[in-house]
Amino acid sequence: MNANAPFPIDIRLVQIIRKFALLVILVVGIIFAILTDSNWPAHSAARETIEISGLLLIVGCIVGRIYCTLYIGGKKATELVTTGPYSLCRNPLYFFSIMGAVGIGAQQGSITLAVSTGLVIYCLFLLVIFKEESFLENRFGRKFAAYKNRVPRLLPQLSLWKEVDGPINLHPSLVRTTALDACIILLWLPIAELLEHLHAAGALPVMFELP
């Protein structure tokens, strides 16, 4: 299809819907976290291992999202980026976001909550990915079709790595915005720690205990 043809999908509207849905999930998640706790004892080796693993996933999410923005920043609707992290999978930003979601769930010391959080965010992003891919198919035609056939949608394939030829055109403001957005999830660390102490002290009722 002609790259200058009208876009059949409002990509900005898709992103607004995505952010609104994430906000709703965040609010529901906070309420759920207040009412639930891990059935692993506080400060036990198993619980500490789960929480540390979650922290590592959150850090990976932040670093990964910033790295992706170095390549895609300001180009999402105007250029088909197929190098760097976008040579490993078509949606590395969403991959790292799901990683961060699993990490947030793990901060409650629960494997069940970590996996559930990741699955919820995965389902949400999958709907957005379908819309965005429809947009890209109309925008870039055969070029995107070839890219789609070569590179997996979400799970990175390291053997496909391809570096960009020449310098990267950086957008510092977009990188900074992505960094700030990603670092917001770090705020969940002290919140999760506070909830753990309140649950242990009996100051907050625990309606469900999850492994």
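Annotations for the structure displayed:
- Whichever aspartates and glutamates have a C-alpha closer than 12 Å to that of Lys75, once near sequence neighbours (fewer than 8 apart) are set aside: none
- Rolling a 1.4 Å probe over the heavy atoms of the protein chains gives the stretch 114-209 an accessible area of 64 Å² per residue.
- The stretch 83-92 - phi-based ³J(HN,Hα) in whole Hz, Karplus 6.51/-1.76/1.60, Gly and Pro as x: 10, x, x, 7, 8, 8, 7, 7, 9, x
- Degrees separating the helix 111-140 axis from the principal Cα axis of the chain, which is the longest one: 10 degrees
- FRET efficiency, Lys143 to Glu163 (Cβ-Cβ, R0 22 Å, nearest 0.05): 0.70
- Reachable aspartates and glutamates, given that their alpha-carbon falls under 12 Å from the alpha-carbon of Lys148 and they are not under 8 places away in the same chain: Glu133, Glu137
- For the chain, the mean residue ellipticity at 222 nm estimated from helices alone is -21500 deg cm²/dmol, where every DSSP H run of n ≥ 4 contributes -39500 (n - 2.57) and the total is divided by all residues, rounded to the nearest 500.
- Accessible-area value, Leu154, 1.4 Å probe, nucleic acids and ligands omitted, Å²: 30 Å²
- Available extension along the chain between Met207 and Leu186 is 5.0 nm, counting 0.36 nm per residue and deducting the alpha carbon span.
- Here each label is just a point 7 Å from Cα along the line to Cβ, and for Ile31 and Glu133 those points are 3.3 nm apart.
- Entry note, the stretch 20-138: relative contact order of 30 percent, from Cα contacts under 8 Å with a spacing of 6+ residues.
- The chain: relative contact order in percent, alpha carbon pairs under 8 Å with at least 6 residues between: 36 percent
- Surface composition of the stretch 30-146: carbon and sulfur atoms hold 74% of the protein heavy-atom accessible area at a 1.4 Å probe.
The values are calculated or read from the model by the stated rules, or taken from the named source; none is laboratory data. For clarity, every value in this text was computed on a predicted model and none was experimentally measured. When we count neighbours, we look across all protein chains shown, and the Cβ atoms used for this are built from the backbone with ideal geometry, even at glycine. Quick note on the areas: whole protein, heavy atoms, side chains included, nothing else; ligands and nucleic acids left out. Shrake-Rupley method; radii C 1.70, N 1.55, O 1.52, S 1.80 Å.
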